[in-house]
Amino acid sequence: MKSKISSFGFGILLLFLAAFQPSFAQQKSSKPNVLFLFADDQRADAIGAAGNPYIQTPNIDQLASEGSRFENAYVMGGNHGAVCAASRAMLLSGRSLFHVYDKLKGERTMPMDFAEAGYSTFGTGKWHNEKEVFEASFQQGKNVYLGGMADHYSVAMRDYDENGKLGEPTGKGYSTEVFAQGAIDFINSHVKSGSDKPFFAYVAFTAPHDPYSPEAGYINHYPDGSLPLPGNYKPNHPFQFDDLMVRDELLTGWPRKPEVIQMILSDYYALVTHLDSQIGKIIQTLKDNNLYDNTIIVYTADNGLAAGSHGLLGKQSLYEHSTKVPMIIKGPGVPKNETFDAMVYLYDLYPTLSELAGLPKPNQVDGKSLAPILFGKDTEVRGSLFTAYRYTVRAVRTPEWKLIRYPERDYTQLFNLKNDPLELNNLAENKEFSSTKDELMNSLKEWQKSSGDTAALTTKVIKPLDYDPSRLTRKPDRWQPEYTLKRYFEDLD
C-alpha cells in the first residue's frame, strides 16, 4: 500500500511541476534580446554618467548604473568628412577602417549573424551605407533614413514594403521621436505576435548631430550662457591642417565667439536630453513587456564632436573630443555600476555581443570581444590604440600618452593624457620626452603596417602651418531649418 501511495503522489508531483514548467518556446526565448541604441555625433563627456554635472541624461545614466561603462571607447577614424559613414561600416562589419572604409557591400554584418542564430532582426533610424545591405541585414525595417545630414524636422523615412524592400521616403515628424516610436512599435508587435524568437533591434538616431535644432519643447531647456565653455576652448585652431572649412566647421564664424559656442552647447545638450527622454520610453516598453532583465542594451555613438574645443566644431580631427565616444553595456550577467579604462574600438562590439548572446565567434572581424574584460578575466584587449583621418592626420595613444602626426605639415603633437586630458600642452619638442616621442612614432608605424594603412607620415610637399582665420568664409547648407538660420547665420545677411 505504501508503494502505491508513493507512486500516486509522485505522479501528482510530476503533473504539478509540468504545469509550472516553461514551454519549449519560453525556454528558447530565454536567450537574451539585443537592443542597440546609437547616437550621432555625441561626445563621450556629454552624459551625466561620465561626470558631466551640467547635462541631464537620467535614462542613459541609469543604464550605466545597471551595467558597465567603457571610458576609453573610440571610433578608429574616417576616410572623409562624414566620419559617421566609416564608423557605421566598421561597427556593423567588425572590421577596421582600412579593411572596410565606408562601404558594406559584400561584407558580413552583425545583424546577419544574429538572424542566422534565430533572432528576429529589426532596424530603424539612420543608415549611412548601402540600401541593399540594410535589406540584407534586417528582416524588418521601419522609419529608416538613408543618408547622412538631415533637418531633424524633415527626415525622409522609409518602411519595408510587402517584398521586404525599403519603399519610397516620406516625412513623419521629429526624427528622434519617430525613430524611438519605430523601436517601440517593433517591441510591442514582436511580443503580440507570440514569437518564440529573441530579437536584435538596431536603433540609430540622428541626434545630437547638427542642425542644432532641438525639438520645440526642448528649446531653451539649457538657457544661453548657462553652460561653461569647454576647458580646451580656443577662438581658432592654432594651426592649419586638412580642411578647416569642412562642413561642420561652417556652423559659426572665426574667431569662435564664446557666447556662440555657449549657444551651440545649449542646443547640443538639449538634443541629447531629448534623446535621453525617448530612450526612456523604449526602456519602459521593455519593462512593460517583461523583457528588460533579459535584454542586452548597448548605448554608444558613432563619433565625438569638438563643439568649441581647440577652436573646432566638428569631428574631423583626432583630438579626444572628436574620437572618443560613450559606450555602455547593460544586460544579463554584465557587471553593474562598473567602469573600465581599457582602450576599445566601436567595432569591438560585434564580437562582444556575439559572445554575450552565445553566438558562434565571428572569424572575419578585426574587433576583439570585450567579454573577458566584463567578466574580470582581462584588463585590456590591446596595449595601444591607433586612429586616422583621411591621409592628413594619424595618432596613436597608450594609457598615458598620445602622439598626433600631421604628415602634410611635418608637425607632431605629444600629450600626456594623465596630466593633460584636454590636450593643451604639446610636449613634442621637449627633449625630456624625446624617447617617448620616438617610441610612439615607432608604434604608429607598426599600427600602420598591421592595419594596411599606406599613408606617408611626412609628405614630399610640406604645407604651411600658419593661416589667417579672418579670410575664411562660410554659408549655410541646405539642411539648416529656420531656427538655426536665424540663430547662427543671421550675421551673413
Segment 245-260 - phi-based ³J(HN,Hα) in whole Hz, Karplus 6.51/-1.76/1.60, Gly and Pro as x: 10, 4, 2, 4, 6, 8, 6, 8, x, 10, x, 6, 6, x, 5, 6
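Roll a 1.4 angstrom probe over the protein heavy atoms and tell me the percent of accessible area of the chain that is carbon or sulfur. Each step should come with its number before you reach the end.
Working: 10530 of 20650 Å².
Here carbon and sulfur together make up 51 percent of the probe-accessible area.
For segment 54-94, what is one quarter of the convex hull surface built on the Cα atoms, given in nm²? Could the numbers behind the result be given before it?
Working: hull surface 18.1 nm².
With every direction weighted equally, the projected area is 4.5 nm².
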Which ³J(HN,Hα) values, rounded to whole Hz and listed in residue order, are derived for segment 65-79 from phi using the Karplus coefficients 6.51, -1.76 and 1.60 in 6.51 cos²θ - 1.76 cosθ + 1.60 with θ = phi - 60°, glycine and proline given as x? 6, 9, x, 10, 10, 9, 8, 10, 9, 9, 8, 6, x, x, 9
From a point 7 Å beyond the Cα of N419 in the direction of its Cβ, which residues of segment 379-398 have a backbone N at a distance under 19 Å? 397-398
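Please list the equivalent ellipsoid semi-axes of segment 117-222, computed as the square roots of five times the alpha-carbon gyration tensor eigenvalues, in descending order and whole angstrom.
On the way: eigenvalues 131, 53, 25 Å².
Equivalent ellipsoid of segment 117-222: 26, 16, 11 Å, largest first.
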How much mean residue ellipticity at 222 nm does the chain get from its helices, if each DSSP H run of length 4 or more adds -39500 (n - 2.57) and you divide by all residues, to the nearest 500 deg cm²/dmol? -9000 deg cm²/dmol
Taking each pair of different alpha-carbon atoms in segment 246-301 once, compute 1/r for the pair, average those values, and report the inverse of that mean as the Kirkwood hydrodynamic radius in Å to one decimal. 14.2 Å
Can you give the log10 of the normalised intensity I(q)/I(0) at q = 0.12, 0.18, 0.22 Å⁻¹, computed with Debye over equal Cα scatterers of segment 323-403? -0.40, -0.84, -1.15
With just the Cα atoms of segment 263-416, tell me how far they stretch along each of the three principal axes, in Å, largest first. 57, 41, 27
Taking the Cα centre of segment 149-213 as the origin and placing charges on Cβ (Lys, Arg +1; Asp, Glu -1), which of T170, Y160, P208 is farthest toward the positive end of the dipole? Y160
When the expected Rg is taken as 2.2 N^0.38 Å, what fraction or multiple of it is the alpha-carbon Rg of the chain? 1.05
Expressed per residue, the solvent accessible area of segment 85-190 in Å² (1.4 Å probe) is about 35 Å²
Working from Cα positions, state the angle (0 to 90°, nearest 10) between the long axis of helix 175-192 and the longest principal axis of the chain. 20 degrees
In degrees, nearest 10, the alpha-carbon axis of helix 83-93 is tilted away from the dominant principal axis of the alpha carbons of the chain by 30 degrees
Quick one: 3J(HN,Hα) in Hz for segment 440-453, Karplus 6.51/-1.76/1.60 with θ = phi - 60°, rounded, Gly and Pro as x. 5, 5, 5, 4, 4, 5, 5, 4, 4, 5, 6, 8, x, 8
For S120, residues with placed amide H under 5 Å, excluding near neighbours: F199, F200
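Over segment 162-210, consider all pairs of different Cα atoms and compute the Kirkwood hydrodynamic radius from their mean reciprocal separation; express it in Å, one decimal. Each step should come with its number before you reach the end.
Values: mean 1/r = 0.0774 Å⁻¹.
Computed over Cα pairs of segment 162-210, the Kirkwood hydrodynamic radius comes out at 12.9 Å.
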By how many degrees, between 0 and 90 and to the nearest 10, does the Cα long axis of helix 2-20 differ from the longest principal axis of the chain? 30 degrees
Note to self: with every protein chain in place and a 1.4 Å probe, segment 212-354 gives an accessible area per residue in Å² of 28 Å²
Just read off the accessible area of E132 with the full protein assembly in place, 1.4 Å probe, to the nearest 10 Å². 120 Å²
With every protein chain left in place and a probe of 1.4 Å, what is the accessible surface of M441, to the nearest 10 Å²? 30 Å²
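With the cut-off at 27 Å, tell me which of the pairs K103/K165; K165/K475; K105/K315; K324/K431 have Cα atoms farther apart than that. Could the numbers behind the result be given before it?
Working: K103/K165 19 Å; K165/K475 37 Å; K105/K315 25 Å; K324/K431 29 Å.
The pairs that break the limit, which is 27 Å between Cα atoms, are K165/K475; K324/K431.
The values are calculated or read from the model by the stated rules, or taken from the named source; none is laboratory data. Keep in mind the model is a prediction, meaning the values are calculated, not measured. Every residue, glycine as well, gets a Cβ built from its backbone with ideal geometry; the counts of neighbours run over all protein chains shown. SASA here: full protein model, heavy atoms, side chains in, ligands and nucleic acids out. Shrake-Rupley method; radii C 1.70, N 1.55, O 1.52, S 1.80 Å.
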